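J.: Quick one: this structure, given as C-alpha cells, is what I'll be asking you about.
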Amino acid sequence: MRLSSYKPTNAEEIKHLFTRVFSDSEGDSEGLLIGNLAYDLMTETDDNDLYGFITIDDKKIIGSIFFSRLKFENEVNAFLLSPVAIHTQHQGKGIGQDLINFGISHLKENGVTLIFTYGDPDYYSKVGFSPITEKTVKAPFKLSQPEGWLAQSLVSDEIEPITGNSYCVEAFNRPEIW
C-alpha cells in the first residue's frame, strides 16, 4: 500500500469511493451526499484551502481523506478533517488511522496548528482528537450531534478557546452536513 497526496485527475475515482463506502454503511442518499461533497471539495476549493490524501493498493484508491480550511475571526491556521472513506473490504485494518496520521503529519509540516473533525469520538481519539464544546470553539453550523465535535492541537497539549465564529469552505456551507 502507498500513501500520497491526491491528484485532481483522481476526482471521479475518489467520488465513487466515497459514494460507495457511505452507501454501504449509511444508505444510498448519504452515499450520494458524501460522494458529491468530496467531489465539490476537489473541484471547487482553492488549492491553498485543501489537502487531500489517498491510499493506493494494487493501483486502486482504497482510502481517501480531506482537510479543508476552517477560518476564524482571528489568525488561526486551522483545518477540518472530513470526509474520510476506506473501501468497505479494507476497513478494520488500520488503513484509515495510517492515512489520517499521514495527513496530520503533512499539515504539521506546513504550519497548520489546529485540526477539527466532526465524527465518532471513539474512532478519532485513536489518532489524537479530543472532544470539545462549542463554548471552546464554535462550529460553522449548529451541530446535530455535539458530542462529535473534536479537535487536535498540533503545537500544544491543550485546545485554547477561540472566540467568535468559524467559517468553512463552500462545499461544507450546508447545514444538513452538520
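Every number in this text was worked out from the coordinates using simple rules, so none of it is lab data. Being a predicted model, the structure only gives us computed values, none of them experimental. Methodologically, a virtual Cβ is constructed for each residue, glycine included, from the backbone with ideal geometry; neighbour enumeration extends over all protein chains shown.
J.: Taking one equal scatterer on every alpha-carbon of the stretch 1-95, how large is log10 of I(q)/I(0) by Debye at q = 0.10, 0.13, 0.16 1/Å?
T.: -0.26, -0.44, -0.64
J.: Got the relative contact order for the chain handy, in percent, Cα pairs under 8 Å and 6 or more residues apart?
T.: It comes to 20 percent, rounded to a whole number.
J.: Under 5 Å between amide hydrogens, which residues at least 5 positions from HIS87 or on another chain qualify, with H placed 1.01 Å from N in the peptide plane?
T.: Here GLY63 satisfy the definition.
J.: A follow-up question, please. Given the Cα-Cα distance of GLN91 and LYS108 and 0.36 nm per residue of separation, how much length would full extension add, in nm?
T.: Here the answer is 3.5 nm.
J.: How much space per residue, in cubic angstrom, does the convex hull of the C-alpha atoms of the stretch 2-177 take up?
T.: Expressed per residue, the convex hull around the Cα atoms of the stretch 2-177 is 110 Å³.
J.: Counting DSSP beta bridges in the stretch 2-177, what percent are antiparallel, to the nearest 5?
T.: 85 percent
J.: Placing +1 at every Lys and Arg Cβ and -1 at every Asp and Glu Cβ, with all other atoms neutral, what dipole size does the stretch 2-177 have around its Cα centre, in debye to the nearest 20?
T.: Around 240 debye, computed over the stretch 2-177.
J.: With N set to the number of residues, divide the alpha-carbon radius of gyration of the stretch 9-57 by 2.2 N^0.38 Å and report two decimals.
T.: Scaled against compact globular proteins, the figure is 1.15.
J.: Now for a different question. Cα convex hull of the stretch 100-178: mean projected area in nm², to one decimal? The partial results should precede the final answer.
T.: Working: hull surface 21.8 nm².
Answer in nm², one decimal: 5.4.
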